[in-house]
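Throughout, read-outs are computed from the coordinates displayed, never taken from laboratory work. All values reported here derive from a predicted model rather than from experimental measurement. Every residue, glycine as well, gets a Cβ built from its backbone with ideal geometry; the counts of neighbours run over all protein chains shown.
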């Protein structure tokens, strides 16, 4: 089953419509808001649209339609720039896509539930979830959620697209959750001013891979800090590195290094060095030459990873696991000192154990994932259980982990067929291509069930 084709979209010309706030008169005792206050909208505009027929043509061609269903709605793609904060609470800009259903079906008008979606890891600086015609994750979100009547708010994150920060605070739970909240606030402001379709109070959180971690952190931090402003209706984090410190501990062996590690480590190291400091005084303490000259400022970038390898800026290893030894990314000194390092302490700080959700949550992942190992899902599920919270964990490799029903039969069977069709490429495609559409299909069904129950 192919799930990687792009869905068609009619792109409109991009123009920045800058919004300015007007201050009050001289006798007004209330000062105007800061132009860089959190969730201040810099601009909001329509970037594109797709009809229901165009979406159906795309899902039929890609093979996604058996699990996405036919589109009930067309989708308007809005694009919003807003202010949020960096890890040091300084104002920075970021952008978000807002996918808005339209059409005559009752699911496409009035007040619609909001899916706040966190995207997965990318090294691409220009990554933009509003470019639905060329962004596979955005196309999936449009077909799976927006075309079924959900408003989708999909932030690009600080450090990407037009953001004013020159690095990405990768897997920084506090900062990324703040960014998600501010994107939601800005999207609501934009829709209030520019859309006939409005967001309801129903808030659903989801995300995959890095986005699974971000979605879970956002659930946690909304309940902790923003409960008077938002209520999480339900969340569905997927295939996320929730137990980050255990993920980091793979560097000491004896188990395998996860696929993608030579991309993840520079993203993490740069993120935490900027947020907390003290990870290294010189890059050569952690990175082998010549990577000590490039890795600290390498990501995000629009240079392809294969080109970075050819240029000697990353280890020339297509499995992205070459962390140590001759030609590896990291020094033996880093490995020997890892257990007591500030890097490991930062991973511990951003590990999402030690709390429990108050509102419904379900987890979804694939049990043979070579990139984000499945222990992340079982560890956090067990930790929640120890705190009295029952959170289902659906493993696409284990039909018994899912409830009875045709939707689960379809997802399990479809995933197994897709894996078989991938053949020798199944492991390479597992995390990024095979698992996401099936977990999203189950997450959408879960959200619809929670909404129907009135929870």
**Report entry** Whole-Å distance, taken between Cα centres, linking segment 46-79 and segment 163-204
**Finding:** 23 Å
Report summary line: Semi-axes (Å, rounded, descending) of the ellipsoid equivalent to segment 249-368 per its C-alpha gyration tensor are 26, 18, 15
Requested in this report: Among 351, 297, 36, rank each residue by its count of other Cβ atoms within 10 Å, from fewest to most, as a rough exposure measure.
Outcome: 297, 36, 351
Report summary line: With label points set 7 Å from each Cα along the Cα-to-Cβ direction at residue 449 and residue 389, the distance between them in nm comes to 1.9 nm
Query raised in the report: Considering the values [x] 21.5, 73; [y] 20.6, 61; [z] 22.5, 70, which represents Rg and Dmax of the Cα atoms in Å as calculated for the structure under consideration?
Result: [x]
Report summary line: Whole-percent tail of the Cα-Cα distance distribution for segment 91-206, cut at 22 Å, equals 30 percent
Report task. For the chain, calculate the relative contact order in percent as a whole number, restricting contacts to Cα pairs under 8 Å that are 6 or more residues apart. Result -> 14 percent
Requested in this report: Provide the gained length on full extension for the span residue 252 to residue 294, in nm with one decimal, where the gain is 0.36 nm per separating residue minus the Cα-Cα distance.
Outcome: 12.7 nm
Report summary line: As a Kirkwood estimate from alpha-carbon pairs, segment 333-455 has a hydrodynamic radius in angstrom of 16.4 Å
Query raised in the report: For labels at residue 319 and residue 404 in the simple 7 Å Cα→Cβ model, what's the distance in nm?
Result: 4.3 nm
Query - Between segment 356-419 and segment 100-124, the alpha-carbon center distance in angstrom - result: 23 Å
Query raised in the report: Among 361, 238, which comes first, second and so on when ranked by fewest other beta-carbon atoms within 10 Å?
Result: 361, 238
Query raised in the report: Calculated FRET efficiency, residue 134 and residue 309, Cβ-Cβ r, R0 35 Å, to nearest 0.05?
Result: 0.90
Query raised in the report: In nm, what is the difference between 0.36 nm times the number of residues separating residue 104 and residue 424 and their Cα-Cα distance?
Result: 110.7 nm
Query raised in the report: How would you rank 82, 276, 412, going from fewest to most other Cβ atoms within 10 Å of each one's own Cβ?
Result: 276, 412, 82
Query raised in the report: What nm distance separates the two modelled labels at residue 164 and residue 282, each placed 7 Å from Cα along Cα→Cβ?
Result: 3.5 nm
Query - the chain: calculated mean residue ellipticity at 222 nm from DSSP helix runs of at least 4, using -39500 (n - 2.57) - result: -10000 deg cm²/dmol
